[in-house]
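In what follows, a structure is listed as structure tokens, so that the remarks can point back to it.
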Amino acid sequence: MKAWIVALSLGAAAALSPASAQTKLTIGYSGWTGFAPLTLAKEAGIFQKNGLDVTMSKIPQASRHLAIQSGQVACAATTVETWVVWNANGVATKQIFQLDKSYGADGMVVRNSIASIKDLKGKTVAASAPGTAPYFTLAWFLKKNGLSVKDVTIVNLEPGPAAQVFIAGQNDAAMTYEPYLSSVRAAPQAGKIIATTLDYPMIMDTVGCTPKFLADNPAAGKALADSYFQALEMIAKEPAKANEIMGADVKQTGEQFANSSKYLRWQDKAANKKFFEAEFQAFSNEAADLLLEIGIIKTKPDIASLFDTRFIQ
């Protein structure tokens, strides 16, 4: 999905005194609504308070593993199954906390003449490139309806453009997410939302880092997790202010952003602990099996090695 990357520079900058020492890091991100608390943590000074000197940078999801592999970045925010892909392809990473679960924020839009997902056989669907969350979501939805990605023609478009050209009349269907999914909700003449993660709950986002970064900078890993949880606290205590800050990054008003965020659930510390106890492993294993089936990975990584819960304790 979704193309938000949280990237920490491997070189930590030291200030003049220990009290003012800050670890420099770059957060790469997209307009995915679920990643917005990270933007809030930056703009509200939460990262800085926790000793993190953050720079925000937008990096496409399809290329962020290359940034990790090259050493340009050390951490990322992405969907759970993407970590399976990265590790299976030699990009070693460990997830350290969960950001969100999609409750209708990701979906498939189709022309009004299409009655079911099964009717997409032989049709054209816009979706991001293989290895991305929208492509995986398409594969998941199709499999649950007896089809595969081989049964459709896929046009590679990112979620924003995919929604825009769909509304303009191109392609039979498209995979997109909030806030772009709401643009289709507002254009019923163009088509309809035939399925979302309410129908097929399978989009969950996490933040993770390279094992080397976590070994060298455990305090920064903890500060990153703590900052996220503190951003959630701000959303609860000052929703209007928080929504304005988060909405500005995706060119939405606070009210518009609040409406978009209704379709997902950010995960607090208690939810994180519960998630990593069982659901994480079950979903990652099912996702890995599908990724093998559609040829995105050739071997299944050790799922138990893909997470480190020290930072949410």
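The values are calculated or read from the model by the stated rules, or taken from the named source; none is laboratory data. A quick note: this is a predicted structure, and the numbers were derived from the prediction, not measured. All Cβ positions, even for glycine, are placed from backbone atoms using ideal geometry, and neighbour counts span all protein chains on display.
Report yes if some residue within the range 160-178 is within 30 Å of Ala270 (Cβ to Cβ), in contact with a helix residue (DSSP H, G or I) (Cβ under 9 Å, 6 or more places away or on another chain) and β-branched (Val, Ile, Thr); otherwise report no.
As a first pass, look at the range 160-178 and keep what is within 30 Å of Ala270 (Cβ to Cβ): 177-178.
Retained after the next criterion (residues that are in contact with a helix residue (DSSP H, G or I) (Cβ under 9 Å, 6 or more places away or on another chain)): 177-178.
Still in the list and also β-branched (Val, Ile, Thr): none.
Among the residues of the range 160-178, not one is within 30 Å of Ala270 (Cβ to Cβ), in contact with a helix residue (DSSP H, G or I) (Cβ under 9 Å, 6 or more places away or on another chain) and β-branched (Val, Ile, Thr), which makes the answer no.
State which residue is surrounded by the fewest Cβ atoms within 10 Å (Cβ to Cβ) when the search covers only the range 268-305 and only residues that are within 23 Å of Tyr177 (Cβ to Cβ), touching a Phe, Trp or Tyr at 6+ places or on another chain (Cβ under 7 Å) and among the hydrophobic types (A, V, I, L, M, F, W, C).
Selected residue: Leu290.
Based on what the data block shows, is Arg265 assigned to a strand (DSSP E or B) and either surrounded by fewer than 19 Cβ atoms within 10 Å (Cβ to Cβ) or out of contact with any strand residue (DSSP E or B) (no Cβ under 9 Å at 6 or more places or on another chain) (or both)?
For Arg265, the condition - assigned to a strand (DSSP E or B) and either surrounded by fewer than 19 Cβ atoms within 10 Å (Cβ to Cβ) or out of contact with any strand residue (DSSP E or B) (no Cβ under 9 Å at 6 or more places or on another chain) (or both) - is met.
Return the total of residues in the range 163-194 being within 24 Å of Ala258 (Cβ to Cβ) and among the small types (Gly, Ala, Ser).
5
Considering each residue of the range 109-142, count those that are surrounded by 18 or more Cβ atoms within 10 Å (Cβ to Cβ), without any contact (Cβ under 8 Å) to a residue 40 or more places away in the chain and closer than 18 Å to Gln170 by Cα, and give that number.
So the answer is 1.
Which of (1) within 30 Å of Gly221 (Cα to Cα); (2) in contact with a helix residue (DSSP H, G or I) (Cβ under 9 Å, 6 or more places away or on another chain); (3) without any contact (Cβ under 8 Å) to a residue 12 or more places away in the chain does Ser63 not meet, given it meets every other one?
Unmet condition: (2).
So which of Ala236, Ala287, Ala271 is in contact with a helix residue (DSSP H, G or I) (Cβ under 8 Å, 6 or more places away or on another chain), hydrophobic (A, V, I, L, M, F, W, C) and assigned to a helix (DSSP H, G or I)?
Ala287
I need the full set of residues from the range 254-281 which are within 30 Å of Ser305 (Cβ to Cβ) and either outside the structural domain of Ser57 (by TED's automatic domain parsing) or of a type outside the set (A, V, I, L, M, F, W, C) (or both), in order please.
Across the range 254-281, the qualifying residues are Arg265, Gln267, Asp268, Lys269, Asn272, Lys273, Lys274, Glu277, Glu279, Gln281.
I'd like to know if the range 196-219 contains one or more residues that are surrounded by 22 or more Cβ atoms within 10 Å (Cβ to Cβ) and over 22 Å from Ile96 (Cβ atoms).
The answer is yes; a qualifying residue exists.
Please identify the pairs in which a residue from the range 213-238 that is among the acidic types (Asp, Glu) has its Cβ atom under 6 Å from the Cβ atom of a residue that is at pLDDT 95 or above, counting only partners at least 6 apart or on another chain.
From residues that are among the acidic types (Asp, Glu), the pairs are Asp226/Asn50.
Quick one: which of Lys251, Lys222 is in the same structural domain as Leu38 (by TED's automatic domain parsing), assigned to a helix (DSSP H, G or I) and either closer than 27 Å to Thr55 by Cα or of a type in the set (S, T, N, Q) (or both)?
Being in the same structural domain as Leu38 (by TED's automatic domain parsing), assigned to a helix (DSSP H, G or I) and either closer than 27 Å to Thr55 by Cα or of a type in the set (S, T, N, Q) (or both) holds for just one of Lys251, Lys222, which is Lys222.
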